[in-house]
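What follows is a short report on a single structure.
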Amino acid sequence: MRVTFFCPSLDGRGGKCQEQLKAQFTGTAWTYCGTISDLILQLNRSREGEEIVLLFAETKESLIALLAVRDVLLRHRIILILPDGDKETILQGHKLMPRFLSYMDSDFKDIAAVLARMIERARPTE
């Protein structure tokens, strides 16, 4: 199972999120994408459902950019981290049909718990 982590900048909260999650999920392959074009290239290389996509939309502009490539994103399992809890931001975020939605100011424990379940469920049964 691969986790693709999108965040326009690893400074600040995005970097902290990636650092915490990578440390917790050491047996999982991680790919970092800092631009929408890198994200699209990565997702187009993988098969549908092969990756978990963690989208860290640190600004409303980042969220709008992600919405512009919604068709590519919908083929994958998404965890979405929003910049704020504004009603309009949440409504926009739901258009990406995430499996889980969180906010930038969280401690990321909720995201780790959901990611652990998603990884566990993606493992082939013996």
- Query: Which number in (1) farther than 20 Å from Lys109 by Cα; (2) among the aliphatic types (A, V, I, L, M); (3) in contact with a strand residue (DSSP E or B) (Cβ under 9 Å, 6 or more places away or on another chain); (4) surrounded by fewer than 19 Cβ atoms within 10 Å (Cβ to Cβ) marks the one condition that Ala29 misses?
  - Reply: (1)
- Looking at Leu55, Leu63, which is the one that is in contact with a Pro (Cβ under 9 Å, 6 or more places away or on another chain) and either loosely packed, with under 11 Cβ neighbours inside 10 Å or not in a helix (DSSP H, G or I) (or both)? Leu55
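To keep it simple, each residue is scored yes or no on (1) of a type outside the set (Lys, Arg); (2) at negative phi.
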{"position": "Val72", "(1), (2)": "yes, yes"}
{"position": "Ile79", "(1), (2)": "yes, yes"}
{"position": "Gly93", "(1), (2)": "yes, yes"}
{"position": "Met97", "(1), (2)": "yes, no"}
{"position": "Ala112", "(1), (2)": "yes, yes"}
{"position": "Ala116", "(1), (2)": "yes, yes"}
{"position": "Arg121", "(1), (2)": "no, yes"}
- Query: How many of the residues making up region 1-23 are loosely packed, with under 14 Cβ neighbours inside 10 Å and either of a type in the set (S, T, N, Q) or under 13 Å from Ile52 (Cα atoms) (or both)?
  - Reply: 1
- Item | Residue tally, condition within 17 Å of Ala113 (Cα to Cα), part of a helix (DSSP H, G or I) and touching a residue at least 24 places away in the same chain (Cβ under 8 Å), over region 21-38 | 2
- Note on the structure: Restricting region 51-67 to residues that are within 12 Å of the chain's Cα centre (by Cα) and either farther than 18 Å from Phe108 by Cβ or of a type outside the set (A, V, I, L, M, F, W, C) (or both), the one modelled with the lowest pLDDT turns out to be Glu51
- Among what's in region 66-83 and is assigned to a helix (DSSP H, G or I) and touching a Leu at 6+ places or on another chain (Cβ under 8 Å), pick the residue that is surrounded by the fewest Cβ atoms within 10 Å (Cβ to Cβ). Arg70
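The values are calculated or read from the model by the stated rules, or taken from the named source; none is laboratory data. Because the structure is predicted, anything quoted here is derived from the model rather than measured. Don't worry about glycine lacking a Cβ; one is built from the backbone with ideal geometry, like all the others, and counts go over all protein chains shown.
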